[in-house]
Each structure stands twice: as structure tokens, then as C-alpha cells.
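The structure appears below as C-alpha cells.
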Amino acid sequence: MPRIHTRAEDLAHAGTLIDRGWVTVAEVDGAVAAFLARDRATIHALYVTAVRQNRGLGKALLDAAKSEAPALQLWTFQSNNGAIRFYRREGFAEVERTDGRGNDEGLPDIRFHWRKEIAA
């Protein structure tokens, strides 16, 4: 992914997400290892540090979000094959693809949607 913001801009954006109360973190040994930023049904970010990936932290954060919302949506880049596999495995369905004109990075992306199954 191209770097389009400075570190200071990235930190300010993260601070805004935190200030809005959208962020849930997962800690390992007292340090933040992953976070999910969600406003109602929209997941704005899900990030797991490289050394903590593939250990269930992202799934745990996503499961917590699923337990609090009847439906969720999110965007990921078309080139992010790991994220695409993860979201599909977690029950998200692709609903839209774009050429990237609508995101800051200008990269083709995919919108995914998940809806809680209602027991019959």
C-alpha cells in the first residue's frame, strides 16, 4: 500500500478514532497487539501487528463486533488477498468493487457485508 500520510497524520487519525469511542484493542503482555475501529455497522479499521498475526486476535475482535451488531460492512483493497480470505472465512460477502477513485490511496477496493443469521 502506498504511504500517502505522514506518521503524524496517521497518529492524529488514530487519535480521532479513539476519541470517538470507536476503538477496541487486544493486548498481549501489556502491549496493544491489534485493534478494531467500528462506528455502528461500519468497520473503519482492523489491524494486527505483524508478529501477532495468525493467532486469533483479529477474529476475536471481529467476533466481538459481530456480537454487538446485527450487520457489519467494511472495505479492503483488492490486492489484500490475506484480508479477503479472512473476511470470506468469517462470513462476509462481497457486495461491491471499485476502481479506487473513492479512497485516499486510489487503489481498487472491495466492500464486504456481513449479516447475523437469525435462528429459525
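Let me know the whole percent of all Cα-Cα pairs from the chain that are separated by more than 21 Å.
Across the chain, Cα pairs with separations above 21 Å total 42 percent.
Given only helices, namely DSSP H runs of n ≥ 4 each adding -39500 (n - 2.57), what is the per-residue ellipticity at 222 nm of the chain, to the nearest 500 deg cm²/dmol?
Using -39500 (n - 2.57) per qualifying helix, the result is -8500 deg cm²/dmol.
Order of 98-108, 63-73 by packing, highest average Cβ count within 10 Å first?
Descending packing order for the listed peptides: 63-73, 98-108.
Select from T98, A37, T6 the residue farthest towards the positive end of the dipole of the chain; place +1 on Cβ of Lys and Arg, -1 on Cβ of Asp and Glu, and compute about the Cα centre.
T98
Relative contact order (percent) for the chain, with alpha-carbon contacts under 8 angstrom and 6 or more residues of separation?
19 percent
Any read-out appearing in this document is the output of simple, stated calculations on the displayed coordinates, not a laboratory observation. Note that the coordinates shown come from a computational prediction; the quantities given were computed from them, not determined experimentally. A quick note on method: Cβ atoms are made from the backbone with ideal geometry, for glycine too, and the neighbour counts reach across all protein chains shown.
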